[in-house]
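This report refers to the structure that appears directly beneath it.
The values are calculated or read from the model by the stated rules, or taken from the named source; none is laboratory data. As the structure is a prediction and not an experimental result, all values here were calculated from the model. Backbone-built Cβ (ideal geometry, glycine too); neighbour counts: all protein chains shown. Surface areas here come from the heavy atoms of the whole protein model, side chains and all, with no ligands, DNA or RNA. Shrake-Rupley method; radii C 1.70, N 1.55, O 1.52, S 1.80 Å.
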Amino acid sequence: MSIKLINPFDAHAHFRQGETLKNILPYTMNQFSGALGMPNITPAITSLIHLQDYMDEVLQYVDEDRFMPMFTFYLSPDLNLEELEKAWENLLFHGIKYYPKGGTTNSENGELGFENVAHILSFMQNRGIPLLVHGECPEIDGELVDDFEREARFYEYEMDALVKHFPHLKIVLEHITTREAVNFAKAYSKQVKATITPQHLLFDRRSLFNYNEATESSYTLNTKKSGIMPDFVCRPLLKHQKDVESLRNALIWQVKHGKKVFGLGTDTAYHAPEKKYCECGACGVFTAPIALELYAMAFDQIGIINHLSVFACDVMPEFYSVKNSLPAKTVILKKEPQQVKESYYGAKTPFAGQVIPWTATVVD
Ligand code: DOR
Ligand code: ZN
C-alpha cells in the first residue's frame, strides 16, 4: 500500500529558537513543504521588529526552494495596528494566535477571553487575518478548571460569543481534542477550520499512564509497563476514548461529505530533556521526525488512508492561500516497517525505539 502526498503542509509547528531551532527544524523541513510556526517564543512575538528578527533567525536554516516557513503574531492588546497592516500587506505573517493566559508553554502574556483584544479582532475581521485559537479555559471566575475539561468549557463559554460578535472573522481551532470542538467546527464551518494532531487522533488518556506498543497494523496499550509517561503530556491533554472517536468520526464525516474543515497541524513541540523530564515538566509531544507516519497509522486504522492527501495537502494550504506557492515536495508513504530512533537531542517521539508500520520517503 502506498500513498502519494504532494506538498504536505504542517499548519501548527513550534520551530523554537537558538540551538533547538537549528537542531529540530530540519525534521519539519524534511517531511513538509511548508509549516506555520507558532509565536510562543521568548519573548512572545508581539511587535514587527520582533517578528522580523525571528524570521531572520529561522530563515538562516532554510532552503526556500524546498521549504516555506510561515509566521504568526501572538494575540495581545499591545499589538500595533499600523504594524500589523504593514506586515500583512507584505505577507510577513499568516495569522494571530490566542493563548489562554497561564494555560500552556510561554502563555504568561496571553489573555483570558477576548475582551481586551476586541479592537484587534475587529481589525483582523476587516482585513481577513485569521485568528488561531488555543481553545482552552484554564480558569473561570478565578477558579481553576479541571485539566481534562478545559477545552470543552472553552467552546461553551468563549466561542459562541466570539463568532456572534465577529461573524466574518476567519478562525482556526488549533489541535482540537473533544466532541465539543468538533461540533463547533462543523456548526461554524463557513468561517472555521480545525487542526488535529497525530497524538490526539492516535492516543487517548490511557497513554498518559500506560506504554504504547507498536504493532504490525497500529499499536496496543501494554499495561504491564505503567507509570507516568511525560512524552505524552501536552496541552490540550490527551482525552477520553470517546473524544478520540469524535475526532475520527469528524474525519469520516469530512470524507463522506467531501468537506474541507479538518486539516493537518502537528503541534510538534520539542522540549530539552532537562525541561521535560523533571518536576513540573514541560507540555508538548515531539512528533516532527515521524509526523506523517503517525498520521498514516491513524488514518489506516480509521479506514480512510486515501483521505490523508486532502487532510495534509489541501485543507490548510487552501485556507491560508498558499496552495500554489508552496515549494515542490513529494512524499511517498508506504506500509513498510520502520525502526523509530530512540531519541532526538534527548527527546522521545511516540513509539521511540520501536518498529512502526509506515515509512515516509521524500522522493522529489
Ligand atoms: O503541549 C503544548 N506544547 N501545548 C502548547 O500549547 C504549547 C506547546 C509548546 O510550545 O511546547
Ligand atoms: Zn502548539
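Of all the residues in the range 20-42, those that are within 16 Å of ligand 1 (Cβ to nearest atom) and over 17 Å from residue 98 (Cβ atoms) number 9.
Annotation: residue 364 fulfils all but one of (1) in a loop (DSSP other than H, G, I, E, B); (2) at pLDDT 95 or above; the unmet one is (2). Restricting 261, 244 to those that are modelled with pLDDT of 95 or more and either open to solvent by 10 Å² or more (accessible area, probe 1.4 Å) or among the charged types (D, E, K, R) (or both) reduces the list to 244. With respect to (1) more than 28 Å from residue 165 (Cα to Cα); (2) part of a loop (DSSP other than H, G, I, E, B); (3) open to solvent by less than 60 Å² (accessible area, probe 1.4 Å), the lone exception for residue 50 is condition (2). Remark: pairs (first residue in the range 325-341, over 15 Å from residue 295 (Cβ atoms) and assigned to a strand (DSSP E or B); second residue open to solvent by 10 Å² or more (accessible area, probe 1.4 Å) and among the small types (Gly, Ala, Ser); Cβ separation under 9 Å; 6+ apart in sequence or on different chains) = 339/353.
Could you tell me which of the residues 225, 275 is closer than 18 Å to residue 349 by Cα, open to solvent by 20 Å² or more (accessible area, probe 1.4 Å) and within 14 Å of ligand 1 (Cβ to nearest atom)?
275
Residue-level check: of (1) of a type outside the set (A, V, I, L, M); (2) open to solvent by less than 70 Å² (accessible area, probe 1.4 Å); (3) modelled with pLDDT of 95 or more; (4) away from ligand 2 (no atom under 16 Å from the Cβ), residue 195 misses just (4). Among the residues making up the range 113-130, those that are under 22 Å from residue 151 (Cβ atoms) and either open to solvent by 20 Å² or more (accessible area, probe 1.4 Å) or out of contact with any strand residue (DSSP E or B) (no Cβ under 7 Å at 6 or more places or on another chain) (or both) are 113, 114, 115, 116. For residues in the range 313-364 being within 19 Å of the chain's Cα centre (by Cα) and within 16 Å of residue 27 (Cα to Cα), which is surrounded by the most Cβ atoms within 10 Å (Cβ to Cβ)? Per the criteria, the residue is 349. Considering the range 122-222, the qualifying strands (runs of 3 or more DSSP E), each wholly inside and each with 2 or more residues that are closer than 21 Å to residue 350 by Cα and of a type in the set (S, T, N, Q), run over 210-214.
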